[in-house]
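To start, the structure itself, in structure tokens.
The values are calculated or read from the model by the stated rules, or taken from the named source; none is laboratory data. Model, not experiment: these values are computed from the prediction. Heads up, the Cβs are rebuilt from the backbone with ideal geometry, glycines too, and the neighbour counts pull from every protein chain shown.
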Amino acid sequence: MTWTAPSVTRDDFPLDLPERQSLQAFITWHRQTLLWKLAGLTGEQLATRAVPSSNLTLLGIVRHMAEVERHWWRHRVAGEDVPSLYADDEEWDALDPERAAQDYQQLLREWPAVDAAAARYDLDHTFDRRGETWSVRALYLHLIEEWARHNGHADLIREAIDGATGE
């Protein structure tokens, strides 16, 4: 039996939440948006390149965002000694449609771990990123931007695969 990405529901949230809850709600909504865009596709479809000159795929985005969240929250902010999930951008290139379900589950497993790490630090907590001082607040904003950008990519890739469109 061929695995297909499951259907998901995106949660609505009030727009008058306190700052920390608003930032986390937007991250959660973007996470759910990516899963929503994957729903019903097979591993083979998730690994499909919509544009031959680009290595962007939906499966690559899944793998990349698992790596991004792990790296920023667990490695940079919390200082955890966690290995990278993928070496040197291989999340984009070393795709195996037969492992799509495992890659999808890796993304889902990463979220509670990164959320737990994030919850330990207030928004004004700072950390180093290659000699630059970042705040947790700035990281939330950066990750919202990263999620939004890749969800835009996901829109275009999904449309090229089967014509499905949506916000």
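To keep it simple, each residue is scored yes or no on (1) part of a helix (DSSP H, G or I); (2) touching a helix residue (DSSP H, G or I) at 6+ places or on another chain (Cβ under 8 Å); (3) modelled with pLDDT of 95 or more; (4) surrounded by 15 or more Cβ atoms within 10 Å (Cβ to Cβ).
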| site | (1), (2), (3), (4) |
| --- | --- |
| E67 | yes, yes, yes, yes |
| S84 | no, yes, no, no |
| E91 | yes, yes, no, yes |
| R109 | yes, no, yes, no |
| V114 | yes, yes, yes, yes |
| R149 | yes, no, yes, no |
| A154 | yes, yes, yes, yes |
| I157 | yes, yes, yes, yes |
| G166 | no, yes, no, no |
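Being modelled with pLDDT of 95 or more, basic (K, R), closer than 17 Å to T57 by Cα and in a helix (DSSP H, G or I) is true of R99. Exactly one residue among A118, A148 is out of contact with any Gly (no Cβ under 9 Å at 6 or more places or on another chain), farther than 16 Å from H71 by Cα and of a type in the set (A, V, I, L, M, F, W, C), and that residue is A148. All conditions but one from (1) surrounded by 16 or more Cβ atoms within 10 Å (Cβ to Cβ); (2) in contact (Cβ under 8 Å) with a residue 24 or more places away in the chain; (3) assigned to a loop (DSSP other than H, G, I, E, B) apply to R10; the one that does not is (1).
Keeping to the range 104-136, report how many residues are of a type in the set (S, T, N, Q) and more than 29 Å from L46 (Cα to Cα). So the count comes out to 3.
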